[in-house]
Amino acid sequence: MKAPPGNSLDVDQNNLVAPEGSSIIEGLSSLLDRIRQEIDYNDAKGQAPFRLGVHDGLRFAEDAIVDLLRRHGHAFESRPTELDA
(Lines give C-alpha, C1' and ligand atoms only; values in the text may rest on other atoms or scores of the structure.)
Protein backbone atom coordinates (compact mmCIF):
# COMPACT_ATOMS: atom_id res chain seq x y z
CA MET A 1 0.00 0.00 0.00
CA LYS A 2 1.28 3.46 -0.88
CA ALA A 3 1.33 6.21 1.71
CA PRO A 4 -0.09 9.63 0.80
CA PRO A 5 2.54 12.22 -0.16
CA GLY A 6 1.72 14.48 2.78
CA ASN A 7 -0.35 17.47 3.72
CA SER A 8 -0.23 20.17 1.05
CA LEU A 9 -0.48 22.81 3.77
CA ASP A 10 2.69 21.73 5.58
CA VAL A 11 5.36 24.42 5.58
CA ASP A 12 8.14 21.92 4.85
CA GLN A 13 7.30 19.45 2.08
CA ASN A 14 10.63 17.60 2.17
CA ASN A 15 11.62 18.95 -1.26
CA LEU A 16 8.15 18.32 -2.75
CA VAL A 17 7.78 22.08 -3.20
CA ALA A 18 10.56 24.16 -4.74
CA PRO A 19 12.17 26.52 -2.24
CA GLU A 20 11.87 30.27 -2.66
CA GLY A 21 14.38 31.57 -5.20
CA SER A 22 14.29 28.42 -7.33
CA SER A 23 14.17 28.71 -11.10
CA ILE A 24 10.89 28.20 -12.94
CA ILE A 25 12.26 24.90 -14.25
CA GLU A 26 13.03 23.70 -10.71
CA GLY A 27 9.58 24.79 -9.59
CA LEU A 28 7.79 23.05 -12.45
CA SER A 29 9.91 19.95 -11.97
CA SER A 30 8.96 19.83 -8.27
CA LEU A 31 5.30 20.31 -9.18
CA LEU A 32 5.56 17.53 -11.75
CA ASP A 33 7.07 15.20 -9.13
CA ARG A 34 4.24 16.01 -6.72
CA ILE A 35 1.58 15.38 -9.38
CA ARG A 36 3.18 12.03 -10.19
CA GLN A 37 3.09 11.04 -6.52
CA GLU A 38 -0.59 11.95 -6.42
CA ILE A 39 -1.19 9.84 -9.56
CA ASP A 40 0.54 6.84 -7.95
CA TYR A 41 -1.43 7.27 -4.73
CA ASN A 42 -4.73 7.68 -6.58
CA ASP A 43 -4.05 4.68 -8.82
CA ALA A 44 -3.36 2.54 -5.75
CA LYS A 45 -6.90 3.24 -4.53
CA GLY A 46 -8.56 1.39 -7.38
CA GLN A 47 -10.61 1.95 -10.51
CA ALA A 48 -13.93 3.37 -9.28
CA PRO A 49 -15.41 5.99 -11.67
CA PHE A 50 -14.44 8.81 -9.28
CA ARG A 51 -10.84 7.55 -9.10
CA LEU A 52 -10.63 7.29 -12.87
CA GLY A 53 -11.83 10.90 -13.14
CA VAL A 54 -9.19 12.04 -10.66
CA HIS A 55 -6.57 10.06 -12.57
CA ASP A 56 -7.56 11.75 -15.84
CA GLY A 57 -7.36 15.20 -14.25
CA LEU A 58 -3.93 14.51 -12.78
CA ARG A 59 -2.69 13.09 -16.10
CA PHE A 60 -3.92 16.23 -17.88
CA ALA A 61 -1.91 18.36 -15.43
CA GLU A 62 1.16 16.13 -15.84
CA ASP A 63 0.97 16.27 -19.65
CA ALA A 64 0.56 20.06 -19.62
CA ILE A 65 3.65 20.59 -17.45
CA VAL A 66 5.72 18.10 -19.45
CA ASP A 67 4.68 19.84 -22.69
CA LEU A 68 5.60 23.25 -21.27
CA LEU A 69 9.03 22.03 -20.14
CA ARG A 70 9.70 20.29 -23.47
CA ARG A 71 8.75 23.40 -25.44
CA HIS A 72 11.50 25.21 -23.55
CA GLY A 73 14.13 22.63 -24.44
CA HIS A 74 14.10 20.37 -21.38
CA ALA A 75 14.07 16.58 -21.58
CA PHE A 76 10.90 15.59 -19.72
CA GLU A 77 8.53 12.79 -20.72
CA SER A 78 5.07 11.75 -19.65
CA ARG A 79 5.12 8.39 -17.98
CA PRO A 80 2.36 5.90 -18.74
CA THR A 81 0.43 4.25 -15.93
CA GLU A 82 -1.81 1.19 -15.81
CA LEU A 83 -5.00 3.28 -15.61
CA ASP A 84 -4.37 5.36 -18.75
CA ALA A 85 -7.19 5.04 -21.24
| remark: Considering the stretch 45-56, residues that are without any contact (Cβ under 8 Å) to a residue 12 or more places away in the chain and exposed (fewer than 13 other Cβ atoms within 10 Å of the Cβ), and then whichever is nearest to Ile25 (Cα to Cα), we arrive at Gly53
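Restricting the search to the stretch 74-85, which residues are in contact (Cβ under 8 Å) with a residue 24 or more places away in the chain, of a type in the set (A, V, I, L, M) and either loosely packed, with under 12 Cβ neighbours inside 10 Å or assigned to a helix (DSSP H, G or I) (or both)?
Ala85
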| task | Would you check if there is a residue in the stretch 59-73 being surrounded by fewer than 13 Cβ atoms within 10 Å (Cβ to Cβ), assigned to a helix (DSSP H, G or I) and either in contact (Cβ under 8 Å) with a residue 12 or more places away in the chain or hydroxyl-bearing (Ser, Thr, Tyr) (or both)? | result | yes
| request: Starting from the stretch 23-34, take each residue that is more than 15 Å from Asp67 (Cβ to Cβ) and modelled with pLDDT under 85 and list its partners that are surrounded by 15 or more Cβ atoms within 10 Å (Cβ to Cβ) and β-branched (Val, Ile, Thr), counting only C-beta distances under 7 angstrom and pairs at least six apart or across chains. | output: Ser30/Val17
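The values are calculated or read from the model by the stated rules, or taken from the named source; none is laboratory data. Because the structure is a prediction, the values reported are computed rather than measured. We place every Cβ from the backbone using ideal geometry, glycine too, and count neighbours over all the protein chains shown.
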